[in-house]
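Everything below concerns the one structure shown next.
No lab work stands behind these numbers, since they all come straight from the coordinates. These figures come from a predicted structure and were not determined experimentally. Cβ placement follows ideal geometry from the backbone for every residue including glycine, while neighbour counts extend to all protein chains displayed.
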Amino acid sequence: MSKRTRVGVLTHGSLAQGVEMKLTPSRSVETVRAGTFVVVEGETVDFFSLITDLRIDAANEGILLHPPGEDEELLRQVLQGSGTYATVSLRPQLMVTQGIGDAAPSPVKTIPAHFSAVGEATDDDVARVFGSEAAEGGDRFFFVGTPLGMDSPVCLDLARFVERSNAVFGKTGTGKSFLTRLLLAGTISTNRAVSLVFDMHGEYGYAVRQEAADGEGSFVPGLKDLFPTRVQLFTLDPESARRRNQSADVELHVYADQIEPEDVLPLRETLNLNATATESTYSLKKQYGKNWLTRLLQAQPSELEEMAEVTGAHSGSLSALRRKLDRLDGYAFFHTEASAGKRDAVEELFESLDQGKSVVLQFGRYRSLLVYLLVANVITRRLRERYEKKMERYEASKDEADKPRQLLVTIEEAHNFLGPETARETPFGKIAREMRKFFVSLLIVDQRPSGIDEEVLSQIGTKLVAQLNDEKDIAAALVGTPGATGLRQILASLDSKQQALLLGHAVPMPITIRTRDYAQDLFDDVKARLGGPVGATPEALQAEMGSLF
C-alpha cells in the first residue's frame with residue numbers, strides 16, 4: 001500500500017463526538033480543508049475519517065496576552081507547533097484491520113489510541129472504500145467525482161443506488177441538473193434501471209448550455225444525444241421541439257376523463273383553493289364517474305347550483321374549482337372529449353419503460369407549476385398502479401421473467417409534490433415511503449429540502465448535496481444521517497460550483513467530492529460502455545445550436 005503523507009497526531013476524542021489531532025507543525029493550517037479524506041493509523045486498525053472542523057490553540061494564555069510583533073518572525077516560528085498549534089476535528093467513518101488486504105471496511109465501533117498517526121488518504125485507500133469501475137463486471141460502480149485535493153475516482157454503487165429513493169440538493173446555480181444528468185447517465189449506460197424524467201425546464205433531453213468559469217459556456221449533450229436508442233423523448237409541446245430543430249418520439253395528450261380527484265388534491269396550494277373546494281372533487285366523481293372533470297369544465301354558471309344540489313357539494317366551492325381548473329382548457333395538450341378510441345400516449349410511455357427504454361417527458365412552453373404537478377401526478381398514479389400489479393404477478397408466479405424492471409422516477413421542484421401537507425396525498429409520497437419493494441424509487445431534485453416532508457427525507461437512501469446557505473435546508477438535507485453535526489460544517493464550507501457532499505446507501509461513508517465534469521471523458525466512457533458511438537459530439541452540438549440562436 002502507498003505510504004501516507006503524515007498530517008498530524010491524535011490527541012483527544014470519543015466514539016460519540018469524534019477525535020482530534022494536533023496538526024503537524026510543518027503543515028500550514030490554511031492548507032487544510034473541511035471535508036478532506038484522511039486515515040488514522042491505529043495500533044491494529046486503520047480508521048477512514050473526514051475532517052469536520054479546525055481551530056487554532058495555544059499552550060498557555062500568556063502567549064496570547066503577549067503575541068509576537070510583526071517584526072518578530074523568528075519568535076513566531078519558534079512558537080509554531082509548540083506554544084501555538086492547530087487542532088483538527090475528525091469523524092471516523094469506517095475501520096479496517098491492518099494487514100488483511102481483502103478485508104472490507106466496517107462501521108466504527110472503537111477509537112484509535114493516543115498519538116496515533118494521521119495521514120492523507122492515498123489512491124489505494126479511496127479504491128478500497130469506494131470501489132472501482134472495473135470491478136464487478138464493470139456495470140456496478142460509476143465514477144462521480146474525486147476527493148478534495150485528490151485525483152482518485154470516487155465511485156457510486158449503482159446497484160445500491162437504484163434500490164432506494166435518492167436526492168440531489170443544492171441552491172440555485174450549483175449545477176443540480178448537471179449532477180442529475182451525470183447520475184442518470186450512469187444508470188442508463190449500465191442498464192441498472194430505466195428512468196422516467198419529468199423535465200420541467202428542458203434540461204435533460206437534448207443539448208443544453210453549460211456555463212463555464214469565464215462566463216462563456218458551451219453546449220453539451222443531453223440524454224437523448226448520449227443514448228439515442230435507449231432514451232425516448234415524449235413532449236407536451238411538439239411546436240417548441242420543432243422550433244429548436246429537435247424531434248420528439250411521442251406527443252403526449254391528457255384527457256379530462258383520465259384525471260382522478262387525487263391528481264387534483266395536491267394542486268390546492270398552487271391554485272389557492274381551500275380544502276372544501278378540492279375535496280368536492282370526490283363528490284363530483286361519485287356522481288358523474290370518470291366524466292366528473294368534463295362535466296365541471298363544461299358546466300355553465302347557472303348549472304353549478306344544480307350540480308351542487310345533486311352532488312351535495314358547496315356551490316361556491318364548485319365555482320372556485322371550475323374557475324381555477326378552467327385554464328387547462330386553453331392548453332393544446334389537454335382535451336375534454338372522451339379518450340375512448342384515442343391514442344393513449346401515457347400507455348405508450350409505460351410500454352417504452354417495459355422495453356428497457358428510459359423516457360424524458362418535456363413540457364416545452366407549458367412550464368407552469370399547475371401543468372407540471374397535474375401531468376406528473378396523472379402519470380405517476382397510473383405508473384404506481386401498474387407496478388403494484390406487476391409485483392402481484394411476480395409474487396404469484398415467482399418467475400424471474402415477471403420481475404419488474406427497476407425504475408427511477410426523476411422530479412424537479414420536489415417540495416411541491418412532497419411537502420408536509422401533500423406528501424401523503426400524492427403518488428410521489430407513496431413511492432418515497434412504500435414503493436421500494438415494488439422496484440420503483442425517486443430521484444428528487446430540489447433547492448429547498450426544508451420544504452419536503454421529514455418522513456420522506458428519512459426514506460432517502462443516497463444524497464448528493466451541493467452548497468446550501470439556509471440553516472433549515474442544511475438540517476433537512478442531513479435528516480437521518482449519523483454524525484450530522486460534523487457534516488453541517490462541511491456543507492457550509494462547500495464551493496458554489498462542482499463540490500458536493502456524497503453520502504448514504506450507495507457509498508460506504510460520507511465524502512466531499514469535486515464532482516465529475518459533464519464533459520468529453522464522460523462521453524467517451526459512455527461510448528465504451530455501450531460499444532458504439534455517442535449520438536453527437538459537443539462540437540457538432542455547438543455548431544447546431546449556434547445556427548438556431
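Okay, here's what the table says:
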{"read-out": "Two-site FRET efficiency, HIS12 against ALA104, from Cβ-Cβ distance with R₀ of 22 Å, rounded to 0.05", "value": "0.15"}
{"read-out": "Volume per residue of the C-alpha convex hull in the chain, rounded to whole Å³", "value": "197 Å³"}
{"read-out": "³J(HN,Hα), Karplus 6.51/-1.76/1.60, whole Hz, each residue of segment 242-256, x for Gly, Pro", "value": "5, 4, 8, 6, 10, 10, 9, 6, 9, 9, 9, 10, 10, 10, 4"}
{"read-out": "24 Å Cα-Cα threshold exceeded, pairs from LYS3/LYS463; LYS342/LYS430; LYS324/LYS472; LYS171/LYS324; LYS290/LYS342; LYS171/LYS357", "value": "LYS3/LYS463; LYS342/LYS430; LYS324/LYS472; LYS171/LYS324; LYS171/LYS357"}
{"read-out": "Whether segment 256-330 is rounded, prolate or oblate, judged on the alpha carbon gyration tensor where a/c under 1.5 counts as rounded", "value": "rounded"}
{"read-out": "Mean residue ellipticity (222 nm) of the chain, computed from DSSP H runs ≥ 4 via -39,500 (n - 2.57), nearest 500", "value": "-10000 deg cm²/dmol"}
{"read-out": "Sequence ranges 300-308, 228-236, 281-289, ranked by mean other-Cβ count within 10 angstrom, highest first", "value": "228-236, 281-289, 300-308"}
{"read-out": "Segment 256-330: relative contact order in percent, alpha carbon pairs under 8 Å with at least 6 residues between", "value": "34 percent"}
{"read-out": "Simple Cβ-charge dipole of segment 275-399, Lys/Arg +1 and Asp/Glu -1, about Cα centre, in debye nearest 20", "value": "360 debye"}
{"read-out": "Among 101-110, 443-452, the order from most to least packed when residues are scored by Cβ within 10 Å on average", "value": "443-452, 101-110"}
{"read-out": "Test item: Cα-centred dipole of segment 256-330, Lys/Arg +1 and Asp/Glu -1 on Cβ, debye", "value": "80 debye"}
{"read-out": "In range of the label at VAL29: residues from segment 37-79 whose backbone nitrogen is under 13 Å from the point 7 Å along Cα→Cβ", "value": "53-60, 64"}
{"read-out": "On Cα atoms only, tilt of 538-548 relative to the major axis of the chain in degrees", "value": "40 degrees"}
{"read-out": "Selection from GLY101, VAL39, LEU74, by position along the positive dipole direction of segment 6-121 (Cβ)", "value": "GLY101"}
{"read-out": "Length gained when the stretch SER315-LYS389 is fully extended (0.36 nm per residue, less Cα-Cα span)", "value": "22.8 nm"}
{"read-out": "Spatial extent of segment 212-353: Rg and Dmax, with the Cα atoms as the point set, Å", "value": "19.8, 65"}
{"read-out": "0 to 90° range, to nearest 10: angle between helix 315-325 axis and the chain longest Cα axis", "value": "70 degrees"}
{"read-out": "Euclidean distance of C-alpha centroids, segment 343-375 and segment 53-110, integer Å", "value": "54 Å"}
{"read-out": "Label-to-label distance, nm, for residues given as GLU239 and ASP354 (7 Å Cα→Cβ offset)", "value": "3.4 nm"}
{"read-out": "With Cα atoms, 0 to 90° folded angle of helix 176-189 axis to the chain main axis", "value": "80 degrees"}
{"read-out": "Signed unit charges on C-beta, dipole axis of the chain, positive-most listed residue PHE48, LEU349, LEU503", "value": "LEU349"}
{"read-out": "Förster radius 45 Å - calculated FRET efficiency between ALA59 and THR485 (Cβ-Cβ, nearest 0.05)", "value": "0.95"}
{"read-out": "Amide N of segment 118-151 lying under 15 Å from the label point, which is placed 7 angstrom from the Cα of ALA528 along Cα→Cβ", "value": "132-145"}
{"read-out": "Bridge type composition, the chain - antiparallel percent by DSSP, nearest 5", "value": "65 percent"}
{"read-out": "Charge dipole (segment 286-410, unit charges on Cβ, about Cα centre) - positive-most of GLN298, THR410, ALA332", "value": "THR410"}
{"read-out": "Contact order relative to length of segment 6-121, as percent, for alpha carbon pairs under 8 angstrom and 6 or more apart", "value": "41 percent"}
{"read-out": "Of the GluC sites (Glu not before Pro) in segment 37-88, those whose Cβ has at most 10 other Cβ within 10 Å and which sit in DSSP loop", "value": "GLU43, GLU70"}
{"read-out": "Highest average packing first - 133-145, 369-381, Cβ atoms within 10 Å", "value": "369-381, 133-145"}
{"read-out": "Test item: Cα-centred dipole of segment 190-275, Lys/Arg +1 and Asp/Glu -1 on Cβ, debye", "value": "320 debye"}
{"read-out": "Length-normalised contact order of the chain in % [C-alpha pairs under 8 Å, at least 6 apart]", "value": "19 percent"}
